[in-house]
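Input: a single structure, listed below in structure tokens.
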Amino acid sequence: MLQDDTPVEFVPPVSDDGFAVNQLIADSPPLDTNSVYCNLLQCSHFSETSVCAKSGSKLLGFISGYLVPSNPETLFIWQVVVDSSARGRGLALQMLNELINRPDIPKIRYLETTITPTNRASLK
């Protein structure tokens, strides 16, 4: 378990994060895994609307998202993942708040997502 006072940095992902994101998702059932290539694209093409939570070089969390083309005020949250060592600290909410408050993306008025009914953490 991560210490509550461990510093966490919230940063846009870069292509080099793609493999670590893929591994984090694979280690976090019931999340659906994608190819490393898909995660690489999320980290590069959608870096402005995605976020990594890191402590040093360790990836603790990731949110992938994108602006809906037909409604650029809507941020679609594709996937949220938090490493098992960092769960219970509100990291997912912190990542989401960091993401929607970024000054360099347009004003977000709506969030949209889909949640698998068996994913209790996301249902919260």
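Looking across segment 30-45, the residues that are within 22 Å of residue 102 (Cα to Cα) and surrounded by fewer than 17 Cβ atoms within 10 Å (Cβ to Cβ) come down to 41, 44, 45. Contact map, segment 1-25: first residue surrounded by 15 or more Cβ atoms within 10 Å (Cβ to Cβ) and at pLDDT below 95, second residue of a type in the set (Ser, Thr, Tyr) and not in a strand (DSSP E or B), Cβ cut-off under 7 Å, separation 6 or more or different chains; pairs are 2/85.
Could you list, in sequence order, all residues of segment 70-119 that are β-branched (Val, Ile, Thr), without any contact (Cβ under 8 Å) to a residue 40 or more places away in the chain and loosely packed, with under 12 Cβ neighbours inside 10 Å? If the condition is that a residue be β-branched (Val, Ile, Thr), without any contact (Cβ under 8 Å) to a residue 40 or more places away in the chain and loosely packed, with under 12 Cβ neighbours inside 10 Å, then 114 is the only one that fits. Considering segment 50-64, and only residues there that are among the polar types (S, T, N, Q) and either assigned to a strand (DSSP E or B) or modelled with pLDDT under 95 (or both), the residue that is nearest to the chain's Cα centre (by Cα) turns out to be 64. Residues that are in a strand (DSSP E or B) and hydroxyl-bearing (Ser, Thr, Tyr) within segment 65-118 comprise 66, 74, 110, 113, listed in sequence order. The set of residues from segment 41-60 being within 23 Å of residue 91 (Cβ to Cβ) and either of a type in the set (A, V, I, L, M) or touching a residue at least 40 places away in the same chain (Cβ under 8 Å) (or both) comprises 48, 49, 50, 51, 52, 53, 54, 55, 59, 60. Residue count for segment 8-19 satisfying the condition of being more than 12 Å from the chain's Cα centre (by Cα) and closer than 11 Å to residue 60 by Cα: 2.
The values are calculated or read from the model by the stated rules, or taken from the named source; none is laboratory data. Predicted, not measured: the structure shown is a model, and the values here were computed from it. Neighbour counts are summed over all protein chains in view; Cβ atoms, including those assigned to glycine, are modelled from backbone coordinates with ideal geometry.
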